[in-house]
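Engineer: Encoded as structure tokens, here's the structure I'll be asking about.
The values are calculated or read from the model by the stated rules, or taken from the named source; none is laboratory data. Because the structure is a prediction, the values reported are computed rather than measured. So basically every Cβ, Gly included, is an ideal-geometry build from the backbone, and we count neighbours across all protein chains shown.
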Amino acid sequence: MSTQTRFLLNETDIPKYWYNINADMPVPPTPVLHPQTLEPVTPDFLNVLFPMELILQEVSAERYIEIPEPVREVYKLWRPTPLIRARRLEQALGTPAHIYYKNEGVSPVGSHKPNTAVAQAYFNKISGTHALTTETGAGQWGSALAMACNFFGLNLEVYMVKVSYHQKPYRRILMESFGAQVFASPTDRTNYGRSVLEANGNNPGSLGIAISEAVEVAATSNGAKKYSLGSVLGFVLLHQTVIGEESLKQMDMAGEYPDVVIGCVGGGSNFAGISYPFIRQNLKEGRKTRIVAVEPTATPSLTKGVYAFDYGDTAKMAPIVKMHTLGHDFVPPPIHAGGLRYHGMAPSLCALYDAGYVQAVAVHQLPTFEAALQFTRAEGIIPAPESAHAIRVAIDEALDAKAKGEKRIILFNLSGNGYFDMTAYQAYMNGQLEDYEYPAEAVKAAMAKLPKVTLPA
Ligand SMILES: Cc1ncc(COP(=O)(O)O)c(C=O)c1O
């Protein structure tokens, strides 16, 4: 029997195409609406924020979209990423299950985020953009875009959620090392930030507020700056599908096929990245892989949120989309998985979940860190707290397989490493973290503020 642990592809195996699930969606798309008129958005409106090439990708129905050579050139710095069989974790759990993980934490900045950051910087560059604005939660996205902007000669302003800005100073320094300017959001640089600070000078910030600030700066720059988003949008998910395409080949090298594919979800991009190519195989090739999204109980957009049209940001400047939402003015509890604190979720993923093609589980913070350390002690890698949510459920699957005496093939996405998240691990080991369940009443109250959308029959 093979004892191979790492399944490695060559540089020439870096995918040449991204997979666009729009071509295979088993449910009809829902429109993207203008935040003021509530009418479907026009390319002109989106073009204030994004270059036309990305807008065309957002609405494309082509199954495969070619990855430009300059993007593949940068991908070569870390792609293809390894697929690892977690043999030591399997042994520690005493499970008959086989556990595989795709290690996106090997990218230069430590997560899956550069897969789209590099693509977005490139398409902006060739469209004549000189500067980008963005938000960041834990700082993984900001670091990825800072690296990408540095490679393509673009300036970058990052609005970083204030609580993370203070919890994770090294991420800010990393962004600044690439030449980006980083501000703790809410700031006094934007109308929206000032209004938030007037209401509460101690507002800890949220992704929704930071998005509003970054969007405001780009939208009021008379075309001097465009905006870049690290998740949720269709083209972001598209760029992440290199993860799943590589995994399909690597599972083939291992001579196995996953019974279950697991990923954590913030806005849905790393999850879509690993799972959409496997969903394609379910839809087109009759495979029966279970696809499981994992979110924190503190920000349960899929498991407790309502499937409705809502604003993408707190100030109602970003487009309205149909998604599972906790309400656009959601201010999350300061849990340590900063990248999972968004109020909504990618529309294509929500549609797939709503129609039963994807399952969702919410997990508490303490068992998540327990799983993270179990993984670290077996496999030697400190996972990002976000990725640890996927690890929790992968371990639970492996233990369930053990209880049932089943050989189960489990694949999860290790979306990032956690070497900049040591304060979170320290807090956990010092017993300072608490579990938190977002109250159903708060979701109910937020629903009163949803936009009143009526679609033509
Ligand atoms: C390591 C890591 N994993 C997951 C996420 C969640 O984002 P998404 O759902 O878009 O993958 C983030 C977001 O910052 C992250 O940094």
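Engineer: Quick check: is even one residue across the stretch 293-302 in a strand (DSSP E or B) and of a type in the set (Val, Ile, Thr)? Before you say what the answer is, go through the steps one by one.
Structural biologist: To start, the set of residues in the stretch 293-302 that are in a strand (DSSP E or B) comprises 293-296.
Next, from what is left, pick out any that are of a type in the set (Val, Ile, Thr): 294.
Within the stretch 293-302, one or more residues are in a strand (DSSP E or B) and of a type in the set (Val, Ile, Thr).
Engineer: Please pick out the residue among 242, 260 that is over 18 Å from residue 311 (Cα atoms), more than 16 Å from the ligand (Cβ to nearest atom) and either aromatic (Phe, Trp, Tyr) or touching a residue at least 40 places away in the same chain (Cβ under 8 Å) (or both). Steps first, please.
Structural biologist: Values: 242 fails: more than 16 Å from the ligand (Cβ to nearest atom).
It is 260.
Engineer: Can you give me the ranges of the helices (runs of 4 or more DSSP H) entirely in the stretch 137-219 with at least 2 residues that are closer than 22 Å to residue 419 by Cα and either at pLDDT 95 or above or in contact with an Asp or Glu (Cβ under 6 Å, 6 or more places away or on another chain) (or both)? Before you say what the answer is, go through the steps one by one.
Structural biologist: Working: elements: 140-152, 162-167, 169-177, 191-199, 207-219.
Passing ranges, in order: 140-152, 169-177.
Engineer: Determine, yes or no, whether residue 267 is crowded, with 24+ Cβ neighbours inside 10 Å and either touching a helix residue (DSSP H, G or I) at 6+ places or on another chain (Cβ under 7 Å) or within 23 Å of residue 448 (Cβ to Cβ) (or both).
Structural biologist: On the way: crowded, with 24+ Cβ neighbours inside 10 Å: yes; either touching a helix residue (DSSP H, G or I) at 6+ places or on another chain (Cβ under 7 Å) or within 23 Å of residue 448 (Cβ to Cβ) (or both): no.
When the stated conditions are applied, residue 267 does not pass them.
Engineer: Scan the stretch 226-236 for residues that are hydrophobic (A, V, I, L, M, F, W, C) and either in a helix (DSSP H, G or I) or farther than 22 Å from residue 137 by Cα (or both) and jot them down. If you could, list the steps in order and put the result at the bottom.
Structural biologist: Filtering the stretch 226-236 for residues hydrophobic (A, V, I, L, M, F, W, C) gives 229, 232-233, 235-236.
Listed by number, the residues that qualify are 235, 236.
Engineer: Pick from the stretch 270-291 the residues that are within 17 Å of the chain's Cα centre (by Cα) and of a type in the set (Ser, Thr, Tyr): which of them is surrounded by the fewest Cβ atoms within 10 Å (Cβ to Cβ)?
Structural biologist: Within the stretch 270-291, the first condition is being within 17 Å of the chain's Cα centre (by Cα), and the residues that meet it are 270-277, 291.
The next check asks that each one be of a type in the set (Ser, Thr, Tyr); those that pass are 275-276.
Working: 275: 33, 276: 27.
Looking at residues that are within 17 Å of the chain's Cα centre (by Cα) and of a type in the set (Ser, Thr, Tyr), I get 276.
Engineer: Select from the stretch 213-226 the residues that are crowded, with 24+ Cβ neighbours inside 10 Å and either without any contact (Cβ under 8 Å) to a residue 24 or more places away in the chain or out of contact with any Lys or Arg (no Cβ under 8 Å at 6 or more places or on another chain) (or both) and list them in ascending order.
Structural biologist: 214, 215, 226
Engineer: A further question follows. For the stretch 237-270, what are the residues that are of a type in the set (Val, Ile, Thr), in a loop (DSSP other than H, G, I, E, B) and under 14 Å from residue 7 (Cα atoms)?
Structural biologist: Step one: filter the stretch 237-270 for residues of a type in the set (Val, Ile, Thr), giving 241-243, 260-262, 265.
Imposing the further condition that a residue be in a loop (DSSP other than H, G, I, E, B) reduces the set to 241, 265.
Scanning the stretch 237-270 gives no hits.
Engineer: Let me ask another. Of the residues that sit in the stretch 35-88 and are charged (D, E, K, R) and assigned to a loop (DSSP other than H, G, I, E, B), which one is farthest from residue 100 (Cα to Cα)? Steps first, answer last, please.
Structural biologist: Initially, the stretch 35-88 is screened for residues charged (D, E, K, R), giving 39, 44, 53, 58, 62-63, 66, 69, 72-73, 76, 79, 85, 87-88.
Now narrow it down to the ones that are assigned to a loop (DSSP other than H, G, I, E, B): 39, 62-63, 76, 79.
Details: 39: 45, 62: 30, 63: 27, 76: 23, 79: 18 Å.
Filtering first and then ranking leaves 39.
Engineer: Report yes if residue 318 is small (Gly, Ala, Ser) and surrounded by fewer than 20 Cβ atoms within 10 Å (Cβ to Cβ), otherwise no.
Structural biologist: On the way: small (Gly, Ala, Ser): yes; surrounded by fewer than 20 Cβ atoms within 10 Å (Cβ to Cβ): no.
It is false that residue 318 is small (Gly, Ala, Ser) and surrounded by fewer than 20 Cβ atoms within 10 Å (Cβ to Cβ).
Engineer: What strands (runs of 3 or more DSSP E), lying completely within the stretch 306-421, carry at least 3 residues that are of a type outside the set (Val, Ile, Thr), within 15 Å of the ligand (Cβ to nearest atom) and within 30 Å of residue 95 (Cβ to Cβ)? Can you show your working first?
Structural biologist: Numbers: elements: 306-311, 320-325, 359-363, 409-414.
Those strands (runs of 3 or more DSSP E) span 409-414.
Engineer: Still on this structure, I have one more. Cβ contacts < 6 Å: first residue farther than 18 Å from residue 25 by Cβ, restricted to the stretch 49-60; second residue part of a helix (DSSP H, G or I) and not β-branched (Val, Ile, Thr), any location; separation 6+ or different chain. Result?
Structural biologist: Pairs that qualify, where the first residue is farther than 18 Å from residue 25 by Cβ and the partner is part of a helix (DSSP H, G or I) and not β-branched (Val, Ile, Thr), are 49/218; 51/123; 51/124; 53/123; 54/123; 54/235; 55/43; 55/46.
Engineer: Being part of a loop (DSSP other than H, G, I, E, B), buried (at least 16 other Cβ atoms within 10 Å of the Cβ) and away from the ligand (no atom under 16 Å from the Cβ), is that true of even one residue in the stretch 100-119?
Structural biologist: Here is the first cut: in the stretch 100-119, the ones part of a loop (DSSP other than H, G, I, E, B) are 107-110, 112-113.
Then keep just the ones that are buried (at least 16 other Cβ atoms within 10 Å of the Cβ); that gives 107, 109-110, 112-113.
Then drop every residue that is not away from the ligand (no atom under 16 Å from the Cβ), which leaves none.
No, that holds for no residue.
Engineer: A further question follows. Take the stretch 435-457 and flag every residue that is among the charged types (D, E, K, R) and part of a helix (DSSP H, G or I).
Structural biologist: Just the residues of the stretch 435-457 that are among the charged types (D, E, K, R), to begin with: 435, 437, 441, 444, 449, 452.
Residues satisfying the conditions are 441, 444.
Engineer: Considering only residues of the stretch 120-140 that are within 20 Å of residue 160 (Cα to Cα) and more than 16 Å from the ligand (Cβ to nearest atom), which is surrounded by the fewest Cβ atoms within 10 Å (Cβ to Cβ)?
Structural biologist: In this case the residue turns out to be 131.
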